[in-house]
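Data block below; observations after.
The values are calculated or read from the model by the stated rules, or taken from the named source; none is laboratory data. Note that the structure is predicted; figures quoted are calculated from it, not measured. In this analysis, Cβ positions are derived from the backbone assuming ideal geometry, glycine residues included, and neighbour counts consider all displayed protein chains.
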Amino acid sequence: MNPWRVSVVIGSLRRESMSRRIADALVPLAPPAMALQELAIGDLPLYNGDLEPELPAPWRRLRDAVRASDALIFVCPEYNRSIPGAVKNAVDVASKPTGQNCWAGKPALVITQSTGPLGGLAGSYATKQVLAAVNVATLPLPEVYLSRIATLFDGEGRLLPDTQEHLRDVLASFETWCARFIAR
């Protein structure tokens, strides 16, 4: 049996972002039923319905990739108590035009992080609200807020063992959640 195609949306566009580091660390922690790969969003033109007739190539690539995905993981920082603009734009691009929502029915996991004590709590809720609007089924529990993110990595840039174990457990819960939505 082939593993599920799990697309990982990284909410920060910086090459060395904490969100990217977390996303990269998820790959070896994922259960065998999941094959994680990044769903790049950094090259997407802002959504503008006037561009639909020409359909920019990055939009087509994103829509095709979302359609081909069995499940989704969003790893995001919190920007101004909300969803990163690049993630919101990606959701808009792949949910349009009306009646052609590529996200609908997909199970998803939202992981947020911040340098402060709340771990991106407000950003997580904002992201989940946007995903609910396009009929994405986000894992209700456990919720994942990684606070004081810089302290969760060792001097070599690896996630600390406790954080790895926590994320491994979260991914196991996500696997159970996905099984409710993905036909084998």
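Summary of computed values
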item: Set Arg168, Arg81, Arg184: member being modelled with pLDDT under 95 and in contact with a helix residue (DSSP H, G or I) (Cβ under 6 Å, 6 or more places away or on another chain); result: Arg81
item: Count of the range 1-58 residues which are among the hydrophobic types (A, V, I, L, M, F, W, C), assigned to a helix (DSSP H, G or I) and surrounded by 18 or more Cβ atoms within 10 Å (Cβ to Cβ); result: 6
item: Residue among Thr151, Thr163, Thr98 that is exposed (fewer than 12 other Cβ atoms within 10 Å of the Cβ) and either hydrophobic (A, V, I, L, M, F, W, C) or assigned to a helix (DSSP H, G or I) (or both); result: Thr151
item: Given (1) touching an Asp or Glu at 6+ places or on another chain (Cβ under 7 Å); (2) farther than 18 Å from Ser173 by Cβ, number of the condition Glu38 does not satisfy; result: (1)
item: The range 127-169: number of residues that are among the β-branched types (Val, Ile, Thr), under 20 Å from Pro117 (Cα atoms) and within 15 Å of the chain's Cα centre (by Cα); result: 2
item: Among residues of the range 70-85, those that are surrounded by fewer than 19 Cβ atoms within 10 Å (Cβ to Cβ) and outside any loop (DSSP other than H, G, I, E, B), counted; result: 2
item: Matching option when the condition is basic (Lys, Arg) and modelled with pLDDT under 95, among Arg5, Arg15, Arg61, Arg20; result: Arg15
item: Looking only at the range 130-144, and only at residues there that are without any contact (Cβ under 8 Å) to a residue 40 or more places away in the chain and crowded, with 19+ Cβ neighbours inside 10 Å, the one that is farthest from Ala30 (Cα to Cα); result: Thr138
item: Filtered residue count, the range 68-112, keeping only those that are closer than 13 Å to Gly11 by Cα, of a type in the set (S, T, N, Q) and over 12 Å from the mean Cα position of the chain (by Cα); result: 2
item: Condition met for Thr112 (part of a helix (DSSP H, G or I) and among the β-branched types (Val, Ile, Thr)); result: no
